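Undergrad: Mind having a look at this structure? Questions to follow.
The values are calculated or read from the model by the stated rules, or taken from the named source; none is laboratory data. As the structure is a prediction and not an experimental result, all values here were calculated from the model. Cβ placement follows ideal geometry from the backbone for every residue including glycine, while neighbour counts extend to all protein chains displayed. Just the protein is used for accessible areas: all its heavy atoms, side chains included, with ligands, DNA and RNA removed. Shrake-Rupley method; radii C 1.70, N 1.55, O 1.52, S 1.80 Å.
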Amino acid sequence: MASIAVVTEQADIAERGQRWGAAVQAHVEVVGVPDAVHRAWRRCEAVIVDAAVLPWLRSLAVPRRDHVLVLAKGPDSAVWADALALGAVGIWELDEDDAVTGALTRAVDGRGEACVLAVVGASGGVGASTLVVACAHGAHRRGASALAVDGDPDGPGLDLVAGLEHHEGLRWDEITLTDGHVAARSLSEALPGEGARVLSFARSSRTSLDPGPVLAAAQRGFDLVVGDIPRHALATAGLGTDLLARSVAVVLVVPEHVTGLAAAERIVGELDGRTDRVLVVSRAVTGGLGPGQVERGLGLPVLARLRTRRPLAQDVERGRGPTRSRMLRSVAGRVLDAVGIES
């Protein structure tokens, strides 16, 4: 069952929230303490916020998210400023039942049940993008609908890695929003890919589109969403941090050499408090440290090890994509096993 959080200290708002939740067949959780707010903020499909607690809520530094509904007694510029900072879709009064239930219905469309993964390379050229594509295709082979999302507007384009650069279908810069919403089914049908789909940046242009509605539709429309996030995007607000905030786990690809390990240690520090799980995949390097040293350096187990394979590089270079590599499929399978995408 979908879940809705109601952040309030007022009994009448809590009672209204229970009624609205029943109307859209969703479980309602009334929350107040900081720990409960953080959990609900991440887990629930929608959050109803009493305007009276907006300043306190912002002091908790919760990230912007989709489907935040604010309840207020009347127009107030301060309320609008705080609501917009949280990503609120609107401000309603208590008696606007139809409008609120309509917004909640859109929020629970598809129930938002996708497993979202973020893949980050500790340095360039370690195979993070190929692993993203391999995870999406591996999930498809297991019977799950899957989407690989390009989170790097300055990169070559994830469609190039997947061998789809000449395939028709929408790229980030070609997506348009209608009333701020994206239909999950329409998004899935419009993207390139055979089996697993790919949402990539085009090489000719970059988009200024707010990614939130697109990612929300992806969560509703797919079983697995795998985001390719450049390490520099972890420090700035945007698509990368939005993908990270939605993710159940981060897959960190670490080259087995000193500089790669040092970079990975910094990234693990940056991820502290921002994700519940970090899954480490090491990348073999000739004469390198080995996976054991990576484990000791990071204090995290190495889930799987990528090895350099010339045929894999040739497949990507020749536009065939990375999915023919048995080694890569095996590593992707270990990642999928770890997050519960079963065969």
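Undergrad: Please give the residues of the range 32-68, grouped as numeric ranges, whose backbone N is less than 20 Å from a label point set 7 Å along the Cα-to-Cβ vector of Ala78.
TA: 49-62
Undergrad: Select from Thr308, Pro230, Pro192 the residue farthest towards the positive end of the dipole of the range 161-311; place +1 on Cβ of Lys and Arg, -1 on Cβ of Asp and Glu, and compute about the Cα centre.
TA: In the range 161-311, that residue is Thr308.
Undergrad: At 1.4 Å probe size, what's the solvent-accessible area of Cys44? Round to the nearest 10 Å².
TA: 10
Undergrad: Between Thr286 and Glu168, what is the spin-label point distance in nm, taking each point 7 Å from the Cα along the Cα→C-beta axis?
TA: In this crude label model, Thr286 to Glu168 measures out at 4.5 nm.
Undergrad: Related question: Give me the dipole magnitude in Debye, nearest 20, for the chain about the Cα centre, with unit charges on the beta carbon: positive for Lys and Arg, negative for Asp and Glu.
TA: Details: 36 positive and 42 negative charges, 380 e Å.
Using Cβ point charges on Lys, Arg, Asp and Glu, the chain gives about 1820 debye.
Undergrad: Using 1/(1 + (r/R0)^6) with R0 = 51 angstrom and r between the beta carbons of His27 and Asp154, what's the FRET efficiency to the nearest 0.05? Intermediate results must be reported in sequence, preceding the final value.
TA: Working: r = 41 Å, r/R0 = 0.80.
After rounding to 0.05, the efficiency reads 0.80.
Undergrad: Please compute the modelled spin-label separation between Val248 and His232, points set 7 Å along Cα→Cβ, answer in nm with one decimal.
TA: Inter-label distance under the simple model: 3.2 nm.
Undergrad: Using amide H atoms built in the peptide plane, which far-off residues or other-chain residues are under 5 Å from Cys115 H to H?
TA: It is Leu224, Val225, by chain and number.
Undergrad: Name the long-range amide H neighbours of Leu289: under 5 Å, sequence gap of 5 or more, or other chain; modelled H, no Pro or chain starts.
TA: So Leu289 has HN proximity to His257.
Undergrad: What accessible area per residue comes out for the chain, rounded to a whole number of Å², with a 1.4 Å probe? Please list the in-between numbers first.
TA: On the way: 15630 Å² over 343 residues.
Computed with neighbouring chains in place, this is 46 Å² per residue.
Undergrad: Name the residue from Leu164, Leu86, Ala23 whose Cα lies farthest towards the positive end of the charge dipole of the chain, charges +1 on Cβ of Lys and Arg and -1 on Cβ of Asp and Glu.
TA: About the Cα centre, the residue reaching furthest to the positive side is Leu164.
Undergrad: Let me ask something additional. 5 Å is the cut-off here: which amide hydrogens, built 1.01 Å from N in the peptide plane, fall below it relative to Ala202, excluding neighbours closer than 5 in sequence?
TA: Trp172, Asp173
Undergrad: Going through the range 243-343, which GluC sites (Glu not before Pro) have at most 13 other Cβ atoms within 10 Å and a DSSP loop state? Mind showing how you got there, number by number?
TA: Numbers: sites: Glu256, Glu265, Glu270, Glu295, Glu317, Glu342; in loops: Glu256, Glu342.
In loop regions of the range 243-343 (DSSP not H, G, I, E or B), the sparsely surrounded GluC sites (Glu not before Pro) are Glu342.
Undergrad: Please work out how much length the chain gains when fully extended from Ser330 to Arg274, using 0.36 nm per residue of separation minus the C-alpha to C-alpha distance, in nm with one decimal.
TA: Working: separation 56, 0.36 × 56 = 20.16 nm, distance 2.78 nm.
Gain in length upon complete extension: 17.4 nm.
Undergrad: Contour minus end-to-end for Gln18 and Arg42, with contour as 0.36 nm per residue of separation and end-to-end as the Cα-Cα distance? Can you show the working numbers first?
TA: Working: separation 24, 0.36 × 24 = 8.64 nm, distance 1.95 nm.
Full extension from Gln18 to Arg42 adds 6.7 nm.
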